[in-house]
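The values are calculated or read from the model by the stated rules, or taken from the named source; none is laboratory data. It should be emphasised that the depicted structure is a prediction, and the values quoted were computed from it without experimental measurement. Note that each Cβ is placed from the backbone with ideal geometry, even for glycine, and that neighbours are counted across all protein chains shown. Side chains included, ligands, DNA and RNA excluded: accessible areas come from the protein's heavy atoms. Shrake-Rupley method; radii C 1.70, N 1.55, O 1.52, S 1.80 Å.
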Amino acid sequence: MSARLRIDLEAFAQNVATVRARVAPAELMLVVKDDAYGHGIQAIVARAVAEGVCWFGAFDVRAAVATRAVSGPRARIFSWLTVGADEIAAALDDDIELGVGDAGFLDDVAAVAAARDVVARVHLKIDTGLHRNGIRPEDWPAVLLRALAHQDAGRIVVVGVWSHIAEASDHDDDRARAQFDAAVNAAEAAGFSIEVRHLAASAASFARPEFRYDVVRVGAFCYGIRSAGGSSERELGIRPIATLTAQVLEVRDDDAVVAIGSLDGLPSILAGRVSVGTPGGMRELRAIGLIESIVEAWPGAAAGDEVTVFGRDVSSATDLAETIETVGEEILVRVSPTVPREVV
Amino acid sequence: MRADAWGHGARFVAHSAIEAGAAGVLADRAGAAALSDVVDPRRVLGAGDTLDADAVFGLSGTTTPVMSAHGWVVSLKALRTGEGVSYGYTHRATRDTTVALVTGGYAQGIVRALGNTASVTIAGRRHPIVGRVAMDVCVVDVGDSVVARGDEVAFFGDPRTGAPAIEEWLRATGFSAAELTAAVGLHAAREYGP
């Protein structure tokens, strides 16, 4: 009787094909962090591999290792959280490539690689203005020298340069791109042979060809999650692949009581702001309790009917998100892991 | 015991509750199955009155919070006057400062709306979350405090330990304490301590 998150792998494959066609000749790095944005990493990675995706992005080593377990040895897996020696070792043992945006972390990676007698594949991160991780431009030359020493010693090989952009404005992003180009040029001038440059995520990879470089890191659009305040799914050529449903428990007067609540990850502040799909059409989501919610009833509403909270042909996760000033990704990743995923 | 005992872990909560003298625990069928080896099945009930869960989990401000949420400092960097932070540059530094990248983002229940509205505790001192909270990380302005890579960061917990109270998150998000703690407990790695 509980809620369910249905995952349409056909739609996922079509979204992946749309993204790849759009960004070619750049390659898609499918971002699978946080259980593939709540969709279930196992089914997603398996299908992506079958569709020919060869790059995967996992924030932490745990997700990277989980990806490797499904992908097999050929996929290239990129992980970019700065971690301690144990996790660096786990990453290197599974042939995970590491994003390095901190000089201290660079030394740690080289030390662990030396201890295990392997060569760590490293992507150096330049901070182009987001000011999260990443090496500040003024520190970049010194870090390149350090990286070169580690590379000459056979501990690391710098295969990539990457960054994140802020998407505050096209002007800001253009400035970030100029800084990125300068960083890549400096790395090449220092003697590195940079195989992969990656800067763009979903939105920029679609809208701005000059941001694509060799690889684009895309999660949201592959899962059919459009950007809040951005182009529609139709304009992008993508479809939501996740549908969140819940069953009607009982009907009281004009209220249908459905088996999903805020403890399942449905933000309580959506109540009164959105409509959900019912057998009688779209109806107001009137109240969200801890484990049950109230939907305006429809003619013939009965226990056992299915209500669709978000998905295709009803409100998308981003539609819901926009009513509470957030993004569709947050709606997806809040869905409780106790809500069963049903792959179709 | 719904939603894995509001994100606290049904096995831990059910066992502790029975140890502490509860007559039984309330669980649905799936929840009951998960408890069969930690609680006498006769004490797992499908219906009945319960204790006030807000009080049991310490969410109402009158009892001790059971859950505290923590991240750690990934890296530190200089942020100069006028420079923006995180997506959309919703925060810009008004003075030269130092910012810490901290693990914990909206995929771990650190609600996106907390950016520029909430603060965290590092080594007993409060520091604001600046800019948008991202999916896995957020940025904290640590000013001239001495903070190092690896330091623990408290998002919420028992205010007597210096951690922010969950009530601060209620005001910032409009969410309930139950759904806030459940989302963190269900998505983050859980540890149990004394």
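Annotations for the structure displayed:
- DSSP loop trypsin sites (Lys or Arg not before Pro) with at most 14 other Cβ within 10 Å: longest gap in chain A: A:75-272
- All-pairs Cα distance distribution in chain A, expressed in whole percent, bin size 20 Å: 30, 50, 18, 2
- Dipole size of the stretch B:1-146 about its Cα centre, with +1 on Lys/Arg Cβ and -1 on Asp/Glu Cβ: approximately 460 debye, rounded to the nearest 20.
- Summing Lys and Arg as +1 and Asp and Glu as -1 over all other residues whose Cβ lies under 11 Å from the Cβ of residue A:269 gives a net charge of -1.
- Mean-position separation - Cα centroids, the stretch A:280-344 and the stretch A:80-158, in angstrom: 43
- Where B:60, A:336 fall by accessible area, highest first, once all protein chains stay in place (1.4 Å): B:60, A:336
- Positive-end residue, the stretch A:242-343 charge dipole about Cα centroid, Cβ charges, pick of A:337, A:274, A:260: A:337
- Distance between modelled label sites at residue A:178 and residue B:49, nm, 7 Å Cα→Cβ extension: 7.1
- Each Lys and Arg Cβ is given +1 and each Asp and Glu Cβ -1; about its Cα centre, chain A then shows a dipole of about 620 debye.
- Taken about its Cα centre, the stretch A:242-343 carries a charge dipole of roughly 140 debye when the Cβ of each Lys and Arg holds +1 and the Cβ of each Asp and Glu holds -1.
- Using heavy atoms of the protein chains and a probe of 1.4 Å, the accessible area assigned to residue B:129 is about 0 Å².
- In this structure chain B gives 46 Å² per residue of accessible area when probed at 1.4 Å with all protein chains present.
- Separation between Cα centres of the stretch B:178-194 and the stretch A:28-46, rounded to whole Å: 22
- Note on the stretch A:8-227: dipole from Cβ charges, positive end direction compared against A:122, A:17, A:78; the farthest Cα belongs to A:17.
- The Kirkwood radius of the stretch A:23-166, taken over pairs of alpha-carbon atoms, gives through the Stokes-Einstein law at 4 °C and 1.567 mPa s a diffusion coefficient of 84 µm² s⁻¹.
- Low-density loop cleavage sites - trypsin sites (Lys or Arg not before Pro) in the stretch B:101-131, where at most 12 other Cβ are within 10 Å (DSSP): none
- For the stretch A:287-344, GluC sites (Glu not before Pro) meeting the loop criterion (DSSP other than H, G, I, E, B) and having at most 12 other Cβ atoms within 10 Å: A:325.
- Heavy-atom accessible surface of chain A, averaged per residue, reaches 37 Å², computed with a 1.4 Å probe.
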